[in-house]
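Below is one structure, written out as structure tokens; comments come after it.
The values are calculated or read from the model by the stated rules, or taken from the named source; none is laboratory data. Here the structure is a predicted model, which means the values were calculated and not measured. Every residue, glycine as well, gets a Cβ built from its backbone with ideal geometry; the counts of neighbours run over all protein chains shown.
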Amino acid sequence: MEKILKLFVILFIRFLTTKCDPCLTYKVLDTPDAITRSVANAAYPSTLCDNTLEAGWYRVTSYAGERMPTECVIGGNRCGTSYSIWMNGTYPDAGVVKTVEACAAHSDGDCCKYSYDIEVKNCTDYLVYNLIPVSPCYQAYCFGTELKCPEGETSDNGGFTPECEFDPCHSSNYEILVGEIKRSSNYTLQDNDVAIEDSRLTTGWYKIDSVTGNDIVNDSVSMMQCGTLYPLWMNGSIPDVSEKTIDRKVCYSSNCDWEFDIKVRNCGNYRTYYLTQLNVDKSAYCFGTLPVPDPTTTTARSRPGKDYNDTEDKPYIWVIVAILAVLSAILLTILLVKFVLQRTSQKRSVSCVSVQKTYPPSYEETLQNDKIKQLQKNQTERPYVLEHQFIPIDSMLVPPNSTYYA
Ligand SMILES: *[C@@H]1O[C@H](CO)[C@@H](O)[C@H](O)[C@H]1NC(C)=O
Ligand SMILES: *[C@@H]1O[C@H](CO)[C@@H](O)[C@H](O)[C@H]1NC(C)=O
Ligand SMILES: *[C@@H]1O[C@H](CO)[C@@H](O)[C@H](O)[C@H]1NC(C)=O
Ligand SMILES: *[C@@H]1O[C@H](CO)[C@@H](O)[C@H](O)[C@H]1NC(C)=O
Ligand SMILES: *[C@@H]1O[C@H](CO)[C@@H](O)[C@H](O)[C@H]1NC(C)=O
């Protein structure tokens, strides 16, 4: 019975002590504050004042660093405050609690304008601090020495100094290649194709956005694939995220008759590639392995009548077409009658207007249009709307074998 009681007492004491161990029960200084508290962070504008800080044990978790500086923050105006508080003392050994002097450094050169007794405990892997509120403002405790990397850079330290480096995964650092579906290794160069030529590509980082696949092809590819004459494939696998930026070779032909250097970066959900401008013609990097979708049918080519079905799905198109046809016929008749009656010599030139509707009007066409407008002015007053409809409808008068047709 006595033994049991003893055990309970021991357990109770252990429970109490573990509950009061600051290594286990501490508050965390919230992250945005913790970044601001870095010694590398200049004070302007002073935003931090620890006059409202609740007294108690704190642990700092921040990529900026977690240690209170043990040297004077000379001149203050650091750590997001005017009076920057540092620790005049050394850190204790593991498991030990130590009382140290916290000093508020000021711009007048005084390293200890105000001083406070605080406690610090070494919890082996981290430190905890018993902090008290301070006054007057602006005074704040400093922690850490690092800063966020500049925009477009990254580091192993969660994007903080030291060792910030260029980040090929940052959207400001790569260009996106869109609509390059013919780079697919599944695509064969056709007679009427213009070969993709990466002798025109600007050297730099690229991300590919294509329905045929966004990754570089890493199997040997034969001539005429990838929408070019001499396609380039990558010898090797796509690196893991942890491998960061990797150098790879791209090859032409299965024997790697030509070789070029590229870099690959795995950004997790996508990859970016450092592609160099090629010094050979009719050669290009291959991206994606999927078939190029058919532009007219969107699915398989072997489905005749798909076009017909498409329009059948939208019967109102036929109604519109019919109305337009009737209107055109009426207008045409009116115009024809007017022409026959009023024009003799200039009729021919007028009828040749705006034949090529896919291109903006050439200089000659513009002249012709002006002529028509002039002609219409010469006629009795014609409403503005008619004048505009006049041109396209009039083009129907041109015989199919006209020289204006390509
Ligand atoms: C730091 O503490 C030591 C010893 O406690 C003291 O001699 C020294 O003046 C203090 N430094 C400052 C800047 O107050
Ligand atoms: C705690 O003290 C030990 C030495 O006793 C030291 O090796 C360790 O780095 C200290 N922990 C921290 C977080 O400073
Ligand atoms: C392209 O893909 C289709 C369907 O997956 C396949 O039948 C065809 O052989 C491929 N062509 C090439 C050149 O890889
Ligand atoms: C191509 O890359 C994939 C994924 O990175 C890899 O699993 C595969 O082994 C590579 N193939 C070749 C031929 O290197
Ligand atoms: C691909 O790379 C490996 C290793 O670098 C090399 O041994 C191999 O010969 C290369 N393949 C070709 C086709 O050049």
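Grab the strands (runs of 3 or more DSSP E) fully contained in segment 81-123, keeping just those with 1 or more residues being away from ligand 5 (no atom under 16 Å from the Cβ), in the same structural domain as residue 36 (by TED's automatic domain parsing) and exposed (fewer than 14 other Cβ atoms within 10 Å of the Cβ).
Of the strands (runs of 3 or more DSSP E) lying wholly inside segment 81-123, those with at least 1 residues that are away from ligand 5 (no atom under 16 Å from the Cβ), in the same structural domain as residue 36 (by TED's automatic domain parsing) and exposed (fewer than 14 other Cβ atoms within 10 Å of the Cβ) span 97-105, 114-122.
May I ask you to say which residue of 214, 192 is modelled with pLDDT under 95 and either more than 16 Å from ligand 3 (Cβ to nearest atom) or assigned to a strand (DSSP E or B) (or both)? Please lay out each step first, then the result.
Details: 214 fails: modelled with pLDDT under 95.
Unique residue meeting the criteria: 192.
Which is surrounded by 14 or more Cβ atoms within 10 Å (Cβ to Cβ) and modelled with pLDDT under 95, of 332, 290?
The match here is 332.
Being more than 18 Å from residue 265 (Cβ to Cβ), surrounded by fewer than 18 Cβ atoms within 10 Å (Cβ to Cβ) and either over 19 Å from the mean Cα position of the chain (by Cα) or within 16 Å of ligand 4 (Cβ to nearest atom) (or both) is the filter here, so list the residues in segment 189-219 that pass it.
Correct list: 190, 191, 192, 193, 194, 195, 197, 199, 200, 219.
Considering each residue of segment 189-216, count those that are in contact with a helix residue (DSSP H, G or I) (Cβ under 8 Å, 6 or more places away or on another chain) and either small (Gly, Ala, Ser) or not assigned by TED's automatic domain parsing to the domain that holds residue 229 (or both), and give that number.
The number of residues fulfilling the criteria is 1.
Would you call residue 186 in the same structural domain as residue 268 (by TED's automatic domain parsing), within 16 Å of ligand 4 (Cβ to nearest atom), part of a loop (DSSP other than H, G, I, E, B) and not acidic (Asp, Glu)?
When the stated conditions are applied, residue 186 passes them.
Restricting attention to segment 241-256, report how many residues are within 15 Å of ligand 5 (Cβ to nearest atom) and part of a strand (DSSP E or B).
Residues flagged as within 15 Å of ligand 5 (Cβ to nearest atom) and part of a strand (DSSP E or B) within segment 241-256 amount to 7.
Looking only at segment 150-167, how many residues end up being in a loop (DSSP other than H, G, I, E, B) and charged (D, E, K, R)?
Number of matching residues: 4.
Checking residue 163 against (1) touching a strand residue (DSSP E or B) at 6+ places or on another chain (Cβ under 9 Å); (2) surrounded by fewer than 19 Cβ atoms within 10 Å (Cβ to Cβ); (3) acidic (Asp, Glu); (4) under 30 Å from residue 59 (Cβ atoms), which test does it fail?
Every condition holds for residue 163 apart from (1).
Here's a check for you: in segment 124-149, which residue that is in a loop (DSSP other than H, G, I, E, B) and within 20 Å of residue 20 (Cα to Cα) is farthest from ligand 1 (Cβ to nearest atom)?
My answer is 125.
Being away from ligand 5 (no atom under 15 Å from the Cβ) and over 16 Å from residue 238 (Cα atoms) is the filter here; which residues of segment 257-290 pass it?
Correct list: 276, 277, 278, 279, 280, 281, 282, 283, 284, 290.
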